Amino acid sequence: MTRNYVGVDLSKDAFDVHDPLRGEARIANEPPALAGWIAGLGPDDVIVYEATSGCDRPLRLALDAAGQPGVRVNPLHAWHFARSLNRAKTDRLDAAMLARLGPERQLGPEAALDPAREELRDLVQRRDQLKRMQVQEKNRLSACSHPLVAEDIRDEIAALAACIGRIEAAIAAHLARHPALAEASALLRSIPGIGPVSAMTLLAHLRELGQLDRRAIASLGGLAPRAHESGRYRGQRFLGDGRRHIRRALYLAAVSTLRHPGRSS
């Protein structure tokens, strides 16, 4: 089967499309416009787009709903590929670059979305946001000397704690409704150091877990040492790029295990 790779550059308001068979187009970032465009595609068309700051989500959901093949690429990989082409940067040219990246890398379509896992991801992301806000408020409180301001910050911390509790209860209920996720969570928590927070983070942000080999999973999590060698030079190996949510969760789990053996985070 000969695939036709269609490059799509994403933005908040519109998508720039480079289709080698049908030409270029600009599509409004709205569900009806996306659905109409996707309806005109064929089974051999593979949409190539970047995982860019949430702008990719509407396209990803629309492709999955229509059963249309698509593949998200790491923005850093796309950036390096664009640099290798030594060309200017515009939305139209970025779409053309993605259309060229597909066949050169022989990118395969992503697996279909799992609605239960996507809902879990939304809940876990919201919990992470609230926890960061809580840390910010606690830092402000430690540097605050005005009684009224300190009281207001304490009220905000208490409100955030209540919100976090509701989200965590929703996560627990979601796992209870989906036995496959609950079973995967229990399996992860059987690993020393992996507690409920680490397990839910892995389930939400690493859906490839259990499908790829250990080397590929370590690379996705940013935990695979990258060689730095040339000729006789043997440089120090450093951890490469990966999904920061995974790396942070596993780092905290490892630190907790070292400091408090027998406790899981």
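The values are calculated or read from the model by the stated rules, or taken from the named source; none is laboratory data. These numbers come from a predicted model, not from an experiment. Note: ideal-geometry Cβ built from the backbone for every residue, glycine included; neighbour counts use all protein chains shown. For accessibility, only protein heavy atoms count, side chains too; no ligands or nucleic acids. Shrake-Rupley method; radii C 1.70, N 1.55, O 1.52, S 1.80 Å.
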Query raised in the report: How far apart, in nm, are the 7 Å Cα→Cβ label points at HIS228 and ALA33?
Result: 4.4
Report summary line: Of region 190-225, those with amide N under 14 Å from the point 7 Å along the Cα→Cβ vector of LEU239 are 218-225
Query - Carbon plus sulfur fraction of accessible area for the chain, probe 1.4 Å, in percent - result: 54
Requested in this report: From zero up to wherever the largest Cα-Cα distance of region 1-132 sits, split into 5 Å bins and tell me the percent of pairs in each.
Outcome: 2, 10, 20, 24, 20, 12, 8, 4, 1, 0
Query raised in the report: How far apart, in nm, are two points set 7 Å out from the Cα along the Cα-to-Cβ line at LEU209 and at LEU113?
Result: 2.1
Report summary line: In nm, the gap between the two label points placed 7 Å beyond Cα toward Cβ at SER219 and GLU183 is 2.9
Query raised in the report: How much accessible area does ILE164 have with a 1.4 Å probe, in Å² rounded to the nearest 10?
Result: 10
Query raised in the report: Just how much of SER230 is accessible, in Å², when a 1.4 Å probe is used and the result is rounded to the nearest 10?
Result: 80
**Report entry** DSSP bridge pairs, the chain: antiparallel proportion in percent, nearest 5
**Finding:** 60
Report task. With a 1.4 Å probe and every protein chain left in place, work out the accessible area per residue of the chain in Å², rounded to a whole number. Result -> 60
Query raised in the report: Near LYS12, which lysines are there with a Cα under 30 Å away, not counting those fewer than 8 places off in the same chain?
Result: LYS89, LYS131
**Report entry** Potential lengthening between ALA159 and HIS260 on full extension [0.36 nm per residue; Cα-Cα distance subtracted]
**Finding:** 33.4 nm
Query raised in the report: Within region 1-66, which chymotrypsin sites (Phe, Trp or Tyr not before Pro) sit in a loop by DSSP and count at most 15 neighbouring Cβ atoms inside 10 Å?
Result: none
Query raised in the report: Given springs between every Cα pair under 10 Å in a Gaussian network model of the chain, which of GLN134, GLN236, GLN211 has the largest fluctuation?
Result: GLN236
Requested in this report: On a C-alpha basis, how far is the centre of region 103-153 from the centre of region 46-66 in Å? Whole number, if you could?
Outcome: 21
**Report entry** Folded to 0 to 90 degrees: helix 244-259 orientation relative to the chain principal axis, Cα
**Finding:** 30
Query raised in the report: Roughly how many whole Å is it from the C-alpha centroid of region 13-44 to that of region 187-255?
Result: 35
Requested in this report: Using a Förster distance of 35 angstrom, determine the FRET efficiency expected from the C-beta separation of ASP13 and LEU252, and round it to 0.05.
Outcome: 0.40
Query raised in the report: Rounded, prolate or oblate: which one fits the chain, using the alpha carbon gyration tensor with axes a ≥ b ≥ c (rounded when a/c is under 1.5, else prolate when a/b beats b/c, else oblate)?
Result: prolate
